[in-house]
Amino acid sequence: MRRQALIAAAAGAGLLGYATVIERNWFALRRFEVPVLPSGARPLRVLHISDAHLTPGRHRLLSFIRSLDALQPDLVVNTGDSIAHPDAVLPFLEALGPLLDRPGVFVYGSNDLYSPKPKNPARYLWRDSTLHPSRTHPDLPWAELGASMEAAGWLDANNRRGRIKAGELDIEVAGVHDSHIHRDRYDEIARQADPSADLRLGVLHSPEPEVMDRFAADGYDLLLAGHTHGGQVCLPRVGALVTNCGIEPERASGLHRHPAHDDDPKRPWLHVSAGLGTSPWAPFRLACRPEASLLTLVPRDRG
Ligand SMILES: [Fe+2]
């Protein structure tokens, strides 16, 4: 009996070591083709990054982000939770490097505003991480982060709309701040999306179904979100167990439609990034590698 307990403890320690040291640093680039453009349009390469949760010293994460410019994306979308430490802004911006010279869009996640607090790491698995009501004053340099991305020319889409040119396309963009901490204000951006744009893009940190319903009703073609970490701890063949928000585990990451079950051929495509990092207080990923995604948008009639 004692021998079995020792074997089980050793296996558990080995699994934790793998999830913390190896898989957490085993970055993947996911590629998807999304048939969402008008007939005849040239493909558009969109790099979607999310949830870096950067702390100083994460050299492998920084070098993976540095490598992404080589993909030559036409547009970069950052769906938030970029930082997890007061000193992370500069390293994050330096890692983005030439990506900042490309057209870009960003929204914030709660972790850009509030520093991570120690908690039971297993908490991730059984309850959501809605901010404690006592924390109302952001203590991370989210404004400095946002101002730097905006100064580089990226569109701040936190409860804002905008128009950008990427590749040869005229793109209408709207986004919301993080609904997970009740900072989303969809009413401020609510309006039927412009049918004359080549693409209508909605951006949000947390893929909350009620918020995505509103983007869908306003005629958006493509929604990009993060926040879920793809479940972070997944079971092989089963996938995510939790999403930390209202979306179901089946759509915790990857390319789907919204709503999930609907016959409307015009309903938006949804890409949820499993993200690049984790909270420093839950530093593991299991069967859910950290990732960035390259979405190649192509004409609808090629899909
Ligand atoms: Fe996150």
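The values are calculated or read from the model by the stated rules, or taken from the named source; none is laboratory data. Since this is a predicted model, take the numbers as computed values, not measurements. Cβ coordinates were reconstructed from backbone atoms using ideal geometry, including for glycine residues, and neighbour counts include every protein chain displayed. Just the protein is used for accessible areas: all its heavy atoms, side chains included, with ligands, DNA and RNA removed. Shrake-Rupley method; radii C 1.70, N 1.55, O 1.52, S 1.80 Å.
Of Gly277, Gly14, Gly162, the residue with the greatest mean-square motion in the GNM of the chain, using alpha carbon springs below 10 Å, is Gly14.
Listed values for region 280-296 are Karplus-derived 3J(HN,Hα) couplings in whole Hz (6.51 cos²θ - 1.76 cosθ + 1.60, θ = phi - 60°), namely x, 9, 9, x, 8, 9, 9, 6, 7, 4, x, 8, 10, 10, 10, 9, 9, and x replaces Gly and Pro. Taking Cα centre as origin and charging only the Cβ of basic (Lys, Arg, +1) and acidic (Asp, Glu, -1) residues, the dipole magnitude of the chain rounds to 1220 debye. Per-residue ellipticity at 222 nm, computed for the chain from helices alone with -39500 (n - 2.57) per DSSP H run of at least four residues, works out to -5500 deg cm²/dmol.
Counting only heavy atoms of the protein chains and using a 1.4 Å probe, Ser196 has close to 80 Å² of accessible surface.
Solvent exposure of Trp142, expressed as accessible area, is near 90 Å², computed with a probe of 1.4 Å over the protein chains only. Residues in region 186-303 average 39 Å² of solvent-accessible surface per residue, probe 1.4 Å, ligands and nucleic acids excluded.
For region 178-303, count all C-alpha to C-alpha pairs, find those more than 17 Å apart, and express that count as a whole percent of the total.
Working: 4633 of 7875 pairs.
So the portion of pairs separated by more than 17 Å is 59 percent.
When nucleic acids and ligands are ignored and a 1.4 Å probe is applied, Val89 ends up with an accessible area of around 0 Å².
Name the longest site-free stretch of the chain, where the excluded sites are trypsin sites (Lys or Arg not before Pro) in a DSSP loop with no more than 13 other beta-carbon atoms within 10 Å.
Details: sites that count: Lys119, Arg127, Arg191, Arg237, Lys266.
The segment 1-118 is the longest one with no such site.
For region 56-211, the spread of Cα positions along the three principal axes, ordered from largest to smallest, is 49, 37, 27 Å. Projecting label points 7 angstrom from Cα along Cα→Cβ for Ala151 and Lys119 puts them 3.3 nm apart. The HN-Hα couplings worked out from phi for region 158-169 by the Karplus form 6.51 cos²θ - 1.76 cosθ + 1.60 (θ = phi - 60°) are 6, 6, 9, 10, x, 9, 10, 10, 9, x, 9, 9 Hz, whole numbers, x standing for Gly and Pro. Taking only the alpha-carbon positions of region 30-93 and ignoring solvent, what does the Debye formula give for the base-10 log of I(q)/I(0) at q = 0.15, 0.18, 0.21 Å⁻¹? So the normalised log intensities work out to -0.56, -0.73, -0.90.
Dividing the C-alpha radius of gyration of the chain by 2.2 N^0.38 Å, with N its residue count, gives 0.98. Across Leu199, Leu54, Leu16, mean-square fluctuation computed from a Gaussian network of the chain (C-alpha pairs under 10 Å connected) peaks at Leu16.
Normalised by residue count, region 156-227 yields a Cα convex hull volume of 79 Å³ per residue. Spatially, region 191-248 and region 1-38 are offset by 24 Å when compared through their Cα centroids.
Dipole magnitude of region 231-303 about its Cα centre, charges +1 at Lys/Arg Cβ and -1 at Asp/Glu Cβ only, in debye to the nearest 20?
Working: 9 positive and 7 negative charges, 40 e Å.
I would put it at about 200 debye.
The relative contact order of region 201-303 comes to 28 percent, based on Cα pairs under 8 Å that sit 6 or more residues apart. Amide H contacts of Val34 (H built 1.01 Å from N, in plane; Pro and chain starts excluded): Thr296, Leu297, Val298 sit under 5 Å, all sequence-distant by 5 or more or on other chains.
Accessible area per residue, 1.4 Å probe, Å², for region 6-56: what's the number? Show your work: numbers first, answer last.
Numbers: 2520 Å² over 51 residues.
Per-residue value: 49 Å².
Near the amide H of Arg183, within less than 5 Å, lie the amide hydrogens of Asp178, all on another chain or at least 5 residues away, with H placed in the peptide plane. Accessible surface of the chain, 1.4 Å probe: 55 percent of it comes from carbon and sulfur atoms.
Projecting the Cα atoms of Phe64, Gly17, Ser50 onto the charge dipole of region 1-70 (Cβ charges, centred on the Cα centre) puts Gly17 farthest toward the positive pole.
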